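Below: one structure, written as structure tokens.
The values are calculated or read from the model by the stated rules, or taken from the named source; none is laboratory data. The structure presented is a predicted model; accordingly, all values stated were derived computationally and were not measured. Note: ideal-geometry Cβ built from the backbone for every residue, glycine included; neighbour counts use all protein chains shown.
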Amino acid sequence: MPEISRFFGIVIAMFYRDHDPPHFRARYNQHRANIAIHTLEVLDGSLPPRVLGLVVEWAAMHQRELLENWERARRHEELLKIAPLE
């Protein structure tokens, strides 16, 4: 699972050959969630509310880059790192 960002103990990743809709995976300790890129809604899984807020804030700032990485993953190209939330 290629890691594309990491901040405050949260790991953001995408899988190659993943299913639609475009999404990314967020992991924090034992919590995991798939987040839709277009709507920033949780598709499945869960994160603590504070962590989910940070992930959504970060994703809103980087939606274009996330979509670009989604397309790169579809073409089996290397995913680009995205700046962390600071």
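Descriptive notes on the structure:
- Selected residue [at positive phi, assigned to a loop (DSSP other than H, G, I, E, B) and either modelled with pLDDT of 95 or more or surrounded by 15 or more Cβ atoms within 10 Å (Cβ to Cβ) (or both)] from L85, L80, L40: L40
- When we screen L43, L47 for residues that are touching a residue at least 12 places away in the same chain (Cβ under 8 Å), more than 20 Å from F8 (Cα to Cα) and over 11 Å from the mean Cα position of the chain (by Cα), the only hit is L43.
- Residues in region 1-37 that are in contact with a strand residue (DSSP E or B) (Cβ under 8 Å, 6 or more places away or on another chain), surrounded by fewer than 17 Cβ atoms within 10 Å (Cβ to Cβ) and part of a loop (DSSP other than H, G, I, E, B): M1, P2, G9, F15, P21.
- Check on N29, among the polar types (S, T, N, Q) and in contact with an Asp or Glu (Cβ under 6 Å, 6 or more places away or on another chain): no
- Flag for R32 being touching a Gly at 6+ places or on another chain (Cβ under 6 Å) and without any contact (Cβ under 8 Å) to a residue 60 or more places away in the chain: yes
- Sole residue being of a type in the set (S, T, N, Q), within 18 Å of P2 (Cα to Cα) and more than 11 Å from the chain's Cα centre (by Cα), chosen from N69, N29: N29
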